[in-house]
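Mind having a look at this structure? Questions to follow.
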Amino acid sequence: MNVKALLIALIMSTGLMAQAAVWSSQNVWSQAQEDRYSLWVVENFKADIFSNPKNPWYGISTDCADAVYAARIIFAYENSLPVAFTNIENMKRSLTNSMTNWDRLPEKDRVRKFIQLVSDLTSTQTLGHDTVPVAIQREFVRPGAIFLNPTLTPEEENIVGTRGGHAEMIIDVNENGFIRSLYSTTPSKVRELITTRNPYTWPISRLGGFRIWKTSASPAPNNQQFEMAGWTSYGRPTRKQIYQWHEGIRKELRLRPPTIDERIDVVVESICNLWQGRVDAVNAAWKAVRDAGGRCPSAGLLDEHSTNRRDARLREAYGQLNDLMHWRKNNYDVPGAIGDIKDAKEVLMACHVMTGFAANNAWELFLKMIDGHLVADARWSPAVRWGETSRYGGQQCR
């Protein structure tokens, strides 16, 4: 055995062999790197980034926070940049690319393991600590920026009446000021990401809102957005207040005002996407029940598979559409306009929703919703949840 081989054997036998980091960071974050990240989001952060078998990052399970963290990790890995994220167990920024937990695995496998660990140990709550709020300018509110509502503590939830917990990645800012975002949802699984241009809430606290990643190169926190449209921390905003806050954001970002038809299109698109997401959620819930031999999910999974929050968002979106139709009648010459959601019947009927049952467009589902026929509870079969069968004659898990 030569001297080099003897030295390697000695190092290995004494446990001194260098352990491999997840990846080596050869570069540092700068404004130029952030510009590259924004462009990377436009070109690579597509709805099927984790769900298309042809994509190199296929198979990664996400909820809304997971998808945002995963995008940042992938770009940092591909560009040899460092990351440091807050661990929810100790609220320290201890989740870094320098970790050596998987040093025996190939590098790409180490990255996937790291993404999974970050998913397990972060949330929308930690995301508020890993990012900073920004001025509402196109320089900052652009692809790669985040809209965040962090999960609240039980005490905060009692004050606000909602638990929060949502994150979206901005992928485009239209010339009319509307922001297009992609997001995942619960439960965490491999899924196609959801697109939206229609926000349904404002930030519950200053740990939310429009934010960018915190690095040594990031600007100081800017609280401009928390001074707009009567925003209050831990408030209970009305739909009108939420609309006014986001309209204030859009006015700061837009190059021209949106037309009334563009406003209507945004809300209808949102409604269609929410219904499709409900189809996926209902089917996934019942599959979980069948896979478990007909037994009901655990309390945590039951909450994830139920659609209470999604159904609340749908009711809010229909309310927005009703408000828009009222506004259109009062401000535009529209022959025969009634001034409420019935004016949107035709465009809602053009939104087809493949529930597998009779109600297959957004107008018919709206009627079912206001009649109270839809069931959010994940313990029931799809026929009950879509209002085709009553609970009395429907199938339930056991």
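The values are calculated or read from the model by the stated rules, or taken from the named source; none is laboratory data. Keep in mind the model is a prediction, meaning the values are calculated, not measured. With ideal geometry, Cβ positions are generated from the backbone for all residues, glycine too; neighbour counts draw on all protein chains shown. When the accessible area is computed, the model is the full protein with side chains, heavy atoms only, and any ligands, DNA or RNA have been set aside. Shrake-Rupley method; radii C 1.70, N 1.55, O 1.52, S 1.80 Å.
Which residues, counting only those in the range 356-376, are under 16 Å from Trp286 (Cα atoms) and either at pLDDT below 95 or aromatic (Phe, Trp, Tyr) (or both)?
Selection gives Gly356, Phe357.
A follow-up question, please. Considering only the range 133-151, I want to know if a residue exists there that is aliphatic (A, V, I, L, M) and over 17 Å from Val173 (Cα atoms).
There is no residue in the range 133-151 that is aliphatic (A, V, I, L, M) and over 17 Å from Val173 (Cα atoms).
Sticking with this structure for a sec: Hey, can you tell me all the residues within the range 96-109 that are surrounded by 19 or more Cβ atoms within 10 Å (Cβ to Cβ) and touching a Ser or Thr at 6+ places or on another chain (Cβ under 9 Å)?
Listed by number, the list holds a single entry, Asn97.
Another one. Determine which member of the set Arg385, Arg309, Arg295, Arg379 is touching a Cys at 6+ places or on another chain (Cβ under 7 Å), at negative phi and crowded, with 16+ Cβ neighbours inside 10 Å.
Result of the check over Arg385, Arg309, Arg295, Arg379: Arg379.
If the Cβ limit is 9 Å and pairs must be 6+ apart or interchain, which residue in the range 264-279 that is on the phi > 0 side of the Ramachandran plot pairs with which residue that is part of a helix (DSSP H, G or I)?
No pair meets every condition.
If you scan the range 46-56, which residues turn out to be under 18 Å from the mean Cα position of the chain (by Cα) and surrounded by fewer than 22 Cβ atoms within 10 Å (Cβ to Cβ)?
Across the range 46-56, the qualifying residues are Lys46, Ala47, Asp48, Ile49, Ser51.
Inspect the range 350-359 for any residue being free of Cβ contacts under 8 Å to residues at least 12 places away in the same chain and open to solvent by 30 Å² or more (accessible area, probe 1.4 Å) and give the result as yes or no.
Yes: the range 350-359 contains one or more residues that are free of Cβ contacts under 8 Å to residues at least 12 places away in the same chain and open to solvent by 30 Å² or more (accessible area, probe 1.4 Å).
Condition check ((1) in contact with a His (Cβ under 8 Å, 6 or more places away or on another chain); (2) at pLDDT below 95) across all residues:
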residue: Ala281; (1), (2): yes, yes
residue: Asp291; (1), (2): no, yes
residue: Pro297; (1), (2): yes, yes
residue: Asn308; (1), (2): no, yes
residue: Gly339; (1), (2): yes, no
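Is the range 145-168 home to any residue that is in a loop (DSSP other than H, G, I, E, B), open to solvent by 40 Å² or more (accessible area, probe 1.4 Å) and at pLDDT 95 or above?
No, the range 145-168 contains no residue that is in a loop (DSSP other than H, G, I, E, B), open to solvent by 40 Å² or more (accessible area, probe 1.4 Å) and at pLDDT 95 or above.
Let me ask something else. For the range 79-95, name all the residues that are in contact (Cβ under 8 Å) with a residue 12 or more places away in the chain, open to solvent by 10 Å² or more (accessible area, probe 1.4 Å) and of a type in the set (Ser, Thr, Tyr).
Ser80
If you don't mind, another one. If I go through the range 382-398 residue by residue, how many of them are modelled with pLDDT under 95 and in a loop (DSSP other than H, G, I, E, B)?
11
Please determine whether any residue of the range 177-185 is on the phi < 0 side of the Ramachandran plot and without any contact (Cβ under 8 Å) to a residue 24 or more places away in the chain.
yes
Can you tell me which residues in the range 323-346 are crowded, with 18+ Cβ neighbours inside 10 Å and under 26 Å from the mean Cα position of the chain (by Cα)?
Across the range 323-346, the qualifying residue is only Leu324.
Now a separate question. Given the criterion touching a strand residue (DSSP E or B) at 6+ places or on another chain (Cβ under 8 Å) and open to solvent by less than 40 Å² (accessible area, probe 1.4 Å), identify the matching residue among Ala76, Ala65.
Only one candidate qualifies: Ala65.
Tell me, which residue of the range 169-190 that is outside any loop (DSSP other than H, G, I, E, B) and open to solvent by less than 50 Å² (accessible area, probe 1.4 Å) is farthest from Asn308 (Cα to Cα)?
In this case the residue turns out to be Val173.
Checking the structure you have, find out if any residue of the range 117-127 is among the β-branched types (Val, Ile, Thr), open to solvent by less than 10 Å² (accessible area, probe 1.4 Å), assigned to a loop (DSSP other than H, G, I, E, B) and in contact with a helix residue (DSSP H, G or I) (Cβ under 8 Å, 6 or more places away or on another chain).
Scanning the range 117-127, I find no residue that is among the β-branched types (Val, Ile, Thr), open to solvent by less than 10 Å² (accessible area, probe 1.4 Å), assigned to a loop (DSSP other than H, G, I, E, B) and in contact with a helix residue (DSSP H, G or I) (Cβ under 8 Å, 6 or more places away or on another chain), so the answer is no.
Let me ask something additional. Among the residues in the range 334-350, are any in contact with a strand residue (DSSP E or B) (Cβ under 7 Å, 6 or more places away or on another chain), closer than 23 Å to Arg180 by Cα and hydrophobic (A, V, I, L, M, F, W, C)?
Within the range 334-350, one or more residues are in contact with a strand residue (DSSP E or B) (Cβ under 7 Å, 6 or more places away or on another chain), closer than 23 Å to Arg180 by Cα and hydrophobic (A, V, I, L, M, F, W, C).
Which numbered condition trips up Val68, out of (1) without any contact (Cβ under 8 Å) to a residue 40 or more places away in the chain; (2) assigned to a helix (DSSP H, G or I)?
With (1) without any contact (Cβ under 8 Å) to a residue 40 or more places away in the chain; (2) assigned to a helix (DSSP H, G or I) applied to Val68, the lone miss is (1).
Let me ask another. Given the condition open to solvent by 60 Å² or more (accessible area, probe 1.4 Å), within 27 Å of Ala378 (Cβ to Cβ) and in a loop (DSSP other than H, G, I, E, B), answer yes or no: does some residue in the range 191-211 qualify?
Yes.
Using beta carbons and a limit of 7 Å, which pairs, at least six apart or on different chains, have the first residue in the range 204-220 and within 20 Å of Ala167 (Cα to Cα) and the second one acidic (Asp, Glu) and in a loop (DSSP other than H, G, I, E, B)?
Note: pairs meeting the criteria are Trp213/Asp130; Lys214/Asp130.
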